[in-house]
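This report concerns only the one structure given below.
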Amino acid sequence: MTANQTSLHPSGESSTPSKEKPLANSPPVVIPSSADAETRTPSSSSKHDTKRLLETSQAGSAPPPPTTARPRPRLKASKAAMSLTPAALSHLRTLLSGPNPQYIRVGVRNKGCAGMAYHLEYVDKPGKFDEKVEQDGVTVLIDSKALFSIIGSEMDWVEDKLSSKFAFKNPNIKDACGCGESFNVQPTSDNVTAS
């Protein structure tokens, strides 16, 4: 078709080709201004129509509902991984009262008749995954690798005529050597049944 030709629309009218705006054929949306509202007496039907027009014209741009910040969950107090007796507390206070602030870390090493023995050492700072046990102002660390072997234990300080040492009352022990220096938390092979 050339610029001088006309074409017929489906309605039967002839028109010349021209560039039309995309929304040129859409009906206009009329929103009454405040000046128009003052000159007319508002009726209940016109108020309803105005509200409906505003709702339909702004349907896609409704503001999002306000969000409320959720309160952070509170941590419940739990039982300490290890308890300390008064005798252990007083001896730990004397050990830790030096000029350099240090911690005592309780761990487990593979040694002895039954397989494992307690190991205590001084450390300058807690390890990344060490468990802190704080009781009456005394802090003791539990090595993360030994936590499942020690959890629920009671640390005591025992003195007799021949020796003085930290003693542990551990409910997890399944087997121990005769002298009491080493223990095992794994079930012995006699208790395990083959399937």
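A few remarks follow.
- Counted residues, the range 125-136 - those being assigned to a loop (DSSP other than H, G, I, E, B) and either touching a residue at least 24 places away in the same chain (Cβ under 8 Å) or in contact with a His (Cβ under 7 Å, 6 or more places away or on another chain) (or both): 2
- The C-beta contact set for the range 102-115 (first residue touching a residue at least 12 places away in the same chain (Cβ under 8 Å), second residue assigned to a strand (DSSP E or B) and of a type in the set (G, A, S), distance under 8 angstrom, 6+ apart or interchain) comprises V108/A117; K111/A117; A114/A176.
- Identity of the residue in the range 155-170, closer than 22 Å to Q135 by Cα and of a type in the set (K, R), that ends up least open to solvent (accessible area, probe 1.4 Å): K165
- Hits in the range 124-136 - residues which are surrounded by 14 or more Cβ atoms within 10 Å (Cβ to Cβ) and either on the phi > 0 side of the Ramachandran plot or among the β-branched types (V, I, T) (or both): V133
- Residue match in the range 173-191 (condition: part of a loop (DSSP other than H, G, I, E, B), hydroxyl-bearing (S, T, Y), open to solvent by less than 90 Å² (accessible area, probe 1.4 Å) and out of contact with any helix residue (DSSP H, G or I) (no Cβ under 9 Å at 6 or more places or on another chain)): yes
- The lone exception for T68 - which of (1) loosely packed, with under 11 Cβ neighbours inside 10 Å; (2) touching a residue at least 24 places away in the same chain (Cβ under 8 Å); (3) among the β-branched types (V, I, T) it fails: (2)
- Candidate set: the range 84-119, residues that are more than 22 Å from F183 (Cβ to Cβ) and outside any helix (DSSP H, G or I); chosen: the one least open to solvent (accessible area, probe 1.4 Å): G98
The values are calculated or read from the model by the stated rules, or taken from the named source; none is laboratory data. These numbers were taken from a predicted model, which means no experiment stands behind them. Using ideal geometry, Cβ is built from the backbone for each residue, glycine included, and neighbour counts are taken over all protein chains shown. Keep in mind that these areas ignore ligands, DNA and RNA; they rest on the heavy atoms of the full protein, side chains included. Shrake-Rupley method; radii C 1.70, N 1.55, O 1.52, S 1.80 Å.
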